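To keep things clear, I will list the structure first and then write my remarks on it.
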Amino acid sequence: MITAASVLAAEENNPLVPHPYELVVGIFSFLVVLIVVGKILTPRIQQTLEERTDAIEGGLKRAEQAQEEARQTLEQYKAQQKDAAIEASRLRKKAEEQGAQIIAEMKEQAQAEARRIIDAAKAQIEAERQQALTSLRAEIGSLSVELASRVVGESLEDSARQSRVVDRFLEELEERARTQEQITS
């Protein structure tokens with residue numbers, strides 16, 4: 001059967017059990033790799049990870065700061081917009097008040113101008129009336145003197161006589177006009 005020597009021979013050729021010198025070299029190589037990875041690569045990997053973490057966290061902080069600045073800017077813009085609307089409303093009211101004041105002043109000036117024109121027209125009418133009365137008096141005087149001289153049959157060429165006759169005739173006409181006005185009133 002199987003003898004012990006064959007078992008030992010089989011054990012020596014067992015591919016699952018390594019040779020002792022391979023085992024020592026493997027452990028030594030493993031320790032070297034472990035030291036190299038532990039002492040050199042792990043700190044670099046940790047540093048790279050920390051840098052990336054800082055970059056990400058810094059980026060988030062910067063994004064939050066930018067968001068806060070944008071919010072503040074938006075609030076400032078809204079406040080400025082509100083102030084501008086209030087200022088525009090105030091200016092509009094002021095312009096309306098000034099417009100109303102200008103219209104009132106223009107109406108007042110127009111009324112004053114109308115009164116001045118009416119007063120000037122009345123004065124002109126009165127002057128023309130006086131001129132017409134003077135002209136009418138002179139014409140009536142000359143007609144009455146001529147008529148009186150024909151009726152009386154003597155000449156009234158004396159200016160004092162003419163003046164007295166004309167004044168008396170005009171006084172009588174005015175008296176008749178006054179009595180007529182009193183009767184109609």
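The values are calculated or read from the model by the stated rules, or taken from the named source; none is laboratory data. On a predicted model such as this, the values are computed, not experimentally measured, just so you know. In this analysis, Cβ positions are derived from the backbone assuming ideal geometry, glycine residues included, and neighbour counts consider all displayed protein chains. Heavy atoms of the whole protein, side chains included, go into the accessibility calculation; ligands, DNA and RNA do not. Shrake-Rupley method; radii C 1.70, N 1.55, O 1.52, S 1.80 Å.
On the given criteria, is residue 155 at pLDDT below 80 and open to solvent by less than 100 Å² (accessible area, probe 1.4 Å)? Walk me through it before giving the result.
Working: at pLDDT below 80: yes; open to solvent by less than 100 Å² (accessible area, probe 1.4 Å): yes.
So residue 155 passes the test.
I'm checking my understanding of the structure. Among residues of segment 139-151 that are of a type in the set (Ser, Thr, Tyr) and farther than 14 Å from residue 171 by Cα, which one is modelled with the lowest pLDDT?
Top of the filtered list is 149.
Which one of 71, 137, 129, 116 is assigned to a helix (DSSP H, G or I) and touching a residue at least 24 places away in the same chain (Cβ under 8 Å)?
Of 71, 137, 129, 116, the one residue that is assigned to a helix (DSSP H, G or I) and touching a residue at least 24 places away in the same chain (Cβ under 8 Å) is 137.
Among the residues of segment 107-138, what is the count of those that are over 41 Å from the mean Cα position of the chain (by Cα) and either basic (Lys, Arg) or over 30 Å from residue 170 (Cβ atoms) (or both)?
Result for segment 107-138: 4.
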